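Step one of this worksheet: look at the structure below.
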Amino acid sequence: DRELGLLMDKLLSQAPARLARNNQSVTAEELRDAITRNELFNEYQPVVSLVDGELASLEVLVRWQHPDKGRVMPDQFIYLAEEQGLIDDLTRWVIAEALQQSLRWQKAGIHCALSVNLSMENLEQLSFTDWLLKALEDADLKPWDLILEITESRPMRRPEIVLDNLTRLRLKGFKLAVDDFGTGHASLAQIRDIPFDQFKLDRSFVHAAGKERRIRVMFESAMGLAKELGLEITAEGVEDEEDWHFLRQHDCHKAQGYFIARPLGADKVGDWLNHWGGETRKALFPHLNAS
Ligand code: C2E
Ligand code: MG
Ligand code: MG
Ligand code: MG
């Protein structure tokens, strides 16, 4: 039974990667060139507090503007970067670009934490923590302005180095989030041993949690676990007003999803903030004395 369970876990966890691999549309060579030719760009998706609607952070999501194939989404090339030894360059490009953008926003009066996605490969490099600290210093940000989202898309290959990096990052003040909680490889043992302070609950447990009992039960047990451990929960995939109200009733901390905003080009964030901070937020939080 145990073996069957392990096999099922393995098959399920590999399904998305295999789908992506079947799509032969981009190659490692093209991706390598894309990084040096600046064909990558970032979008930014707001994460807001469910308590008062304030912007909590902007999640940095990379895209690839391919010269002939048009826009390629990360699900189509991140696994390739991870497999082909390109993820280090890619991650460093994404973070450096986001930090520069943060400087531009700061000049325009927008101060906001950034959430960035890390791959296991990044954390399996001993030099990663030092690189990140240096990059942050150059951008006038503090470690607590960065939330590091970690998806365990596969088991760790070098758990001692990962643990070493994560512990150092946490001690420096970075916030650590388990991404896609409920669908990754993260076992309870890893959550016990690694000093995470947030969960991002996968959208498959969020959207429709108020409508379908099975989803609600899983949502509630994840919330219970997080609360007992004193962790913050961000709900992903908040797609409609019903999701939003359900999450507020369940004391979930933060929300992200199309109901709030799609991932936005850097130049669209200011407009979104004006819009959200005005009418929308007033309508969703009528009790707040809008100032
Ligand atoms: P993620 O970190 O879980 O990011 C959330 C994904 O959900 C994004 O997909 C976002 O566009 C999508 N999303 C947001 N709100 C909703 C919603 O309400 N409904 C639905 N159906 N989807 C929503 P995206 O941008 O395609 O990114 C996919 C994944 O690629 C990310 O999942 C992340 O794991 C990975 N990724 C993106 N950028 C990076 C990066 O710079 N580095 C690494 N290592 N991974 C990245
Ligand atoms: Mg993420
Ligand atoms: Mg993810
Ligand atoms: Mg996620």
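Just a few scattered comments:
- Within segment 121-143, residues that are over 24 Å from PRO155 (Cβ atoms) have Cβ atoms under 9 Å from residues that are open to solvent by 20 Å² or more (accessible area, probe 1.4 Å) and among the polar types (S, T, N, Q) in these pairs: TRP131/GLN125; ALA139/GLN100; ALA139/GLN106; ASP140/GLN106; LEU141/GLN106, counting only partners at least 6 apart in sequence or on another chain.
- Yes/no for ALA108 being touching an Asp or Glu at 6+ places or on another chain (Cβ under 7 Å) and within 28 Å of LEU284 (Cα to Cα): no
- Selection from segment 67-87 of residues that are assigned to a helix (DSSP H, G or I) and within 8 Å of ligand 1 (Cβ to nearest atom): PRO74, ASP75, ILE78, ALA81, GLU82, ILE87
- Single residue of ALA226, ALA209 found to be farther than 18 Å from LEU55 by Cα and out of contact with any helix residue (DSSP H, G or I) (no Cβ under 8 Å at 6 or more places or on another chain): ALA226
- Tally, over segment 217-239, of residues that are at pLDDT 95 or above and on the phi > 0 side of the Ramachandran plot: 1
- Within segment 240-251, one or more residues are modelled with pLDDT of 95 or more and either within 13 Å of ligand 4 (Cβ to nearest atom) or aliphatic (A, V, I, L, M) (or both).
- When segment 154-164 is limited to residues that are touching a residue at least 24 places away in the same chain (Cβ under 8 Å) and out of contact with any Asp or Glu (no Cβ under 8 Å at 6 or more places or on another chain), the one that is least open to solvent (accessible area, probe 1.4 Å) turns out to be ARG154.
- Residues of segment 53-106 satisfying the condition of being basic (Lys, Arg) and open to solvent by 50 Å² or more (accessible area, probe 1.4 Å): LYS69, ARG71, ARG92, ARG104
- The condition (being within 16 Å of ligand 4 (Cβ to nearest atom) and among the polar types (S, T, N, Q)) is satisfied by just one residue among THR151, THR167, THR129: THR151.
- Filter result for LEU264 (modelled with pLDDT of 95 or more and either touching a strand residue (DSSP E or B) at 6+ places or on another chain (Cβ under 6 Å) or exposed (fewer than 12 other Cβ atoms within 10 Å of the Cβ) (or both)): yes
- Out of ARG157, ARG192, ARG214, sole residue that is modelled with pLDDT of 90 or more and either within 16 Å of ligand 3 (Cβ to nearest atom) or not polar (S, T, N, Q) (or both): ARG214
- Of the criteria (1) over 15 Å from the mean Cα position of the chain (by Cα); (2) not in a helix (DSSP H, G or I), which one VAL48 fails: (1)
- Only a single criterion out of (1) among the aromatic types (Phe, Trp, Tyr); (2) open to solvent by 10 Å² or more (accessible area, probe 1.4 Å); (3) more than 30 Å from LYS107 (Cβ to Cβ) is not satisfied by TYR258, namely (3).
- Residue, least open to solvent (accessible area, probe 1.4 Å), within segment 189-218, restricted to residues that are within 15 Å of ligand 4 (Cβ to nearest atom), part of a helix (DSSP H, G or I) and not polar (S, T, N, Q): PHE205
- Only residues that are modelled with pLDDT under 95 and either in contact with a His (Cβ under 9 Å, 6 or more places away or on another chain) or under 28 Å from SER153 (Cα atoms) (or both) were counted across segment 86-111, and they come to 0.
The values are calculated or read from the model by the stated rules, or taken from the named source; none is laboratory data. What you are looking at is a predicted structure, and each value in this text was computed from that prediction instead of being measured. Reconstructed Cβ throughout: ideal geometry from the backbone, glycine too, with neighbour counts over all protein chains shown. Protein only, heavy atoms only, side chains kept; ligands, DNA and RNA dropped before computing areas. Shrake-Rupley method; radii C 1.70, N 1.55, O 1.52, S 1.80 Å.
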